[in-house]
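This report refers to the structure that appears directly beneath it.
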Amino acid sequence: MFVGVDVSSRWLDVALPDGEVIRVDNPAGVARLLQLVPPGAVVGFEATSTYYRPAAYALHQAGFQVYLLNPQAVKSYARSLLRRAKTDKADARFIARYLAERQADLTPYEPFADSLALVAFLVRFVDALTADRVGVLNRLHAWEYVVPGIADVVREVPTTLASLRSRFLGEALRVVQRDPLLSSWLSALVSLPGVGELTALKILAYSGDMRRFRYARAYAAYTGLTPRIYQSGVASERASISRVGPSRLRACYFMAAVVASRSSRRDFVERMVARGKPKRVALVALAVRLARAAWAVCVREKFVSY
């Protein structure tokens with residue numbers, strides 16, 4: 001029995017095995033969802049945003065087998081069936097149908113430990129603050145000339161934002177240091193070339209539990225740094241990075257590669273450039289090696305050649 005759940009910020013559309021679709025509130029209706037799903041059913045969610053988490057966690061804790069599905073995979077599947085309707089109810093039914101056909105190729109959902117989830121939230125919040133900082137300050141700067149008396153308030157904003165950023169990062173670091181496993185992972189990541197404490201903290205936040213990846217190359221593929229090859233007919237073969245994973249995780253490894261290329265991994269980049277590769281391609285290759293090494297030192301607890 002397969003159940004598909006289409007998720008939004010306000011409600012969950014639940015496609016039951018008999019084809020009926022029932023809407024419940026999100027997250028207030030999670031208790032009712034547990035009553036609706038028949039015992040032994042397999043439940044699938046699209047992994048969009050974070051609104052699926054309360055329901056997915058509750059179902060997992062209740063003993064149900066839960067899967068988080070890649071939205072692009074479900075979308076491509078629906079397109080292959082020449083789908084004509086795009087509604088929440090239709091989406092829920094397609095999720096259940098996709099799960100029924102592809103379950104054997106999918107990995108069941110395992111929620112992160114509370115400490116790791118908290119670190120992920122804190123770091124992502126800091127990154128959001130950093131990304132919005134310039135826009136906020138530019139708007140406030142413009143308002144200084146329009147609204148009398150606002151100058152004193154505007155001058156406090158940069159200091160307030162910097163204080164919030166420092167406070168949240170400090171709390172994330174304290175959470176990691178209090179957890180023996182996360183602390184060991186942070187120490188292992190910092191030992192890699194080009195990886196400092198802040199970069200290691202971000203890698204933990206955006207990678208989640210690395211133990212869910214069976215191989216180093218699977219984790220490297222998750223980062224989106226590995227190549228995607230395209231060739232058709234007489235068109236020559238082209239390759240570019242896949243960009244399938246979190247963009248900020250890719251940025252962490254790329255910046256670590258840039259730092260490492262100036263010191264301990266300079267020879268690696270120079271050899272690739274000497275063979276005719278563009279320097280950016282060499283840096284991406286080094287970033288992939290660092291990602292595979294990060295998985296190795298955290299999961300296998302030993303260094304590998306990178």
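What pairs can you find where one residue is in the stretch 1-28 and farther than 17 Å from Phe64 by Cβ, the other is of a type in the set (Lys, Arg) and surrounded by 15 or more Cβ atoms within 10 Å (Cβ to Cβ), and their Cβ atoms are less than 6 Å apart, with a gap of 6+ or different chains?
Trp11/Arg23; Asp13/Arg23; Asp13/Lys89; Val21/Lys89
Got a sec? Which of Gly233, Gly170, Gly224, Gly208 is free of Cβ contacts under 8 Å to residues at least 24 places away in the same chain, under 22 Å from Val123 (Cβ atoms) and surrounded by fewer than 21 Cβ atoms within 10 Å (Cβ to Cβ)?
Just one listed residue meets the conditions, Gly170.
Return yes when Arg174 is at pLDDT 85 or above and under 25 Å from the mean Cα position of the chain (by Cα) and no when it is not.
In short, yes.
Just one of (1) hydrophobic (A, V, I, L, M, F, W, C); (2) over 30 Å from Lys202 (Cβ atoms); (3) under 22 Å from the mean Cα position of the chain (by Cα) trips up Ala55, so point out which.
Evaluating Ala55 over (1) hydrophobic (A, V, I, L, M, F, W, C); (2) over 30 Å from Lys202 (Cβ atoms); (3) under 22 Å from the mean Cα position of the chain (by Cα) leaves (2) as the failure.
Just checking, which of Arg238, Arg265 is more than 25 Å from Arg124 (Cβ to Cβ), among the basic types (Lys, Arg), crowded, with 18+ Cβ neighbours inside 10 Å and at pLDDT below 95?
Of the residues listed, the single one that is more than 25 Å from Arg124 (Cβ to Cβ), among the basic types (Lys, Arg), crowded, with 18+ Cβ neighbours inside 10 Å and at pLDDT below 95 is Arg265.
Give the stretch 195-205 a look and list any residue that's over 22 Å from Thr50 (Cα atoms) and buried (at least 22 other Cβ atoms within 10 Å of the Cβ), or say none.
If the condition is that a residue be over 22 Å from Thr50 (Cα atoms) and buried (at least 22 other Cβ atoms within 10 Å of the Cβ), then Val195, Ala200 are the ones that fit.
Any residue that is crowded, with 17+ Cβ neighbours inside 10 Å, at pLDDT 85 or above and of a type in the set (Lys, Arg) - is there at least one of those in the stretch 149-167?
Checking the stretch 149-167: not a single residue is crowded, with 17+ Cβ neighbours inside 10 Å, at pLDDT 85 or above and of a type in the set (Lys, Arg).
The values are calculated or read from the model by the stated rules, or taken from the named source; none is laboratory data. Given the structure is predicted, the values throughout are model-derived calculations rather than measurements. All Cβ positions, even for glycine, are placed from backbone atoms using ideal geometry, and neighbour counts span all protein chains on display.
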